[in-house]
Amino acid sequence: MSRQTATEVTELDLSVNPVPHLSGGMVSAFFTPEEQKSAAQKALTEYSDNLIEQVKNADTVLITAPMDNFGSPSTLKARFDHLARAGVIFTYTENGSEGLIRDTKVVLVTTSGGFYKDSVIDFHVSYIKHFFSFIGIDDVAVIYAEGLNMRDEHKEMALTQAKVALEAI
Ligand SMILES: Cc1cc2nc3c(=O)[nH]c(=O)nc-3n(C[C@H](O)[C@H](O)[C@H](O)COP(=O)(O)O)c2cc1C
């Protein structure tokens, strides 16, 4: 008898439903002690808490993101800014910072018009890998679909290879 395991998938399209950029009000809400928070500050903190829970509760976070102007899309950066809360998702110890997320892995599918893999100007993949390592996740698999704005035949080949690599994961 074969056994089937159900996979629950939550899909977030940040280009359609972006999270707001951090504001001074949000940051001060995060740092205000719970018992002193106003109702608005509680709501702001809860919003961010929920975004953190999504990542904490996930076995795997799959990110598909293009390179935009040598870095990550600002919508993804805004999402990360809601995650990286001191004392919640990372902490400072005598030995430096320590990430507090455990048992979540990340798969990143990155697309770009040109070629940047392993180059010093790939601020996109290196940023994402470093960000997750900072919050405690070192298991980040990266699948590249590069050179998509070059010749059409190349684009097709790069996308096919990326799909095969993703299936394998
Ligand atoms: C605003 C913008 C900025 C971009 N910046 C870069 C870049 O810095 N380097 C690069 O190789 N491609 C760049 N591209 C190309 C995208 O990375 C490429 O179109 C995308 O990865 C392919 O996905 P798509 O088919 O959804 O466009 C940029 C595209 C846009 C729209």
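The values are calculated or read from the model by the stated rules, or taken from the named source; none is laboratory data. Worth saying up front: this structure is predicted, and the values here are computed from it rather than measured. For neighbour counting, all protein chains shown are included, and Cβ atoms are generated from backbone atoms with ideal geometry for every residue, glycine included. Side chains included, ligands, DNA and RNA excluded: accessible areas come from the protein's heavy atoms. Shrake-Rupley method; radii C 1.70, N 1.55, O 1.52, S 1.80 Å.
Remarks
- Region 6-95: translational diffusion in µm²/s, Stokes-Einstein, Kirkwood Rh over Cα pairs, 25 °C, 0.890 mPa s: 166 µm²/s
- With respect to the chain, whose longest principal axis is taken over its alpha-carbon atoms, helix 74-83 is tilted by about 40°.
- Average accessible surface for the chain: 65 Å² per residue, computed with a 1.4 Å probe over protein heavy atoms with every protein chain in place.
- Förster radius 30 Å - calculated FRET efficiency between Gln36 and Lys129 (Cβ-Cβ, nearest 0.05): 0.20
- Bridgeable aspartates and glutamates around Lys105 (alpha carbons under 14 Å apart, same-chain partners fewer than 8 residues away excluded): Asp59, Asp138, Asp139.
- Taking other residues whose beta carbon is less than 13 angstrom from the beta carbon of Asn17, and scoring Lys, Arg as +1 and Asp, Glu as -1, yields -1.
- Seen against the Cα atoms of the chain and their longest principal axis, helix 123-134 is set at about 50 degrees.
- FRET efficiency for His154 and Asp13, using Cβ-Cβ distance with R0 set to 25 Å, rounded to 0.05: 0.40
- Full extension of the chain between Ser28 and Ser119 yields a length gain of 29.0 nm, computed as 0.36 nm times the residue separation minus the alpha carbon distance.
- Ala43-Thr60 pseudo-label distance in nm [points 7 Å out on the Cα-to-Cβ vector]: 3.7 nm
- Set of aspartates and glutamates with alpha-carbon distance to Lys56 below 13 Å, sequence-local pairs under 8 removed: Asp103
- FRET E, pair Ala141, Gln161, Förster distance 22 Å, beta-carbon r, rounded to 0.05: 0.90
- Percent accessible area from carbon and sulfur atoms, the chain, protein chains only, probe 1.4 Å: 52 percent
- Summing +1 for each Lys or Arg and -1 for each Asp or Glu among the other residues whose beta-carbon sits under 15 angstrom from that of Lys37 gives -2.
- Partner aspartates and glutamates for Lys163 [C-alpha distance under 17 Å; skip if fewer than 8 residues away on the same chain]: Glu146, Asp152, Glu153
- Computing Rg and the Kirkwood Rh from the Cα coordinates of region 97-169 gives a ratio, Rg/Rh, of 1.05.
- Checking every one of the GluC sites (Glu not before Pro) in region 1-59 against DSSP loop status and a limit of 11 other Cβ atoms within 10 Å picks out Glu8, Glu11.
- Rg to Rh, two decimals, where the chain supplies the alpha carbon set and Rh follows Kirkwood: 1.02
- Rounded Å value of the spacing that divides the Cα centres of region 59-87 and region 105-121: 13 Å
- Solvent-accessible area of Asp138, all protein chains in place: 120 Å² (probe radius 1.4 Å, heavy atoms, ligands and nucleic acids excluded).
- Restriction of the trypsin sites (Lys or Arg not before Pro) in region 100-169 to DSSP coil positions whose beta-carbon has at most 13 other beta-carbons within 10 angstrom yields Arg102, Lys117, Arg151.
- For Met26, the shell of other residues with beta-carbons less than 15 Å away shows a net charge of +2, using +1 for Lys and Arg and -1 for Asp and Glu.
- Dividing the summed -39500 (n - 2.57) terms of all DSSP H runs of n ≥ 4 by the residue count of the chain sets its mean residue ellipticity at 222 nm at -12000 deg cm²/dmol.
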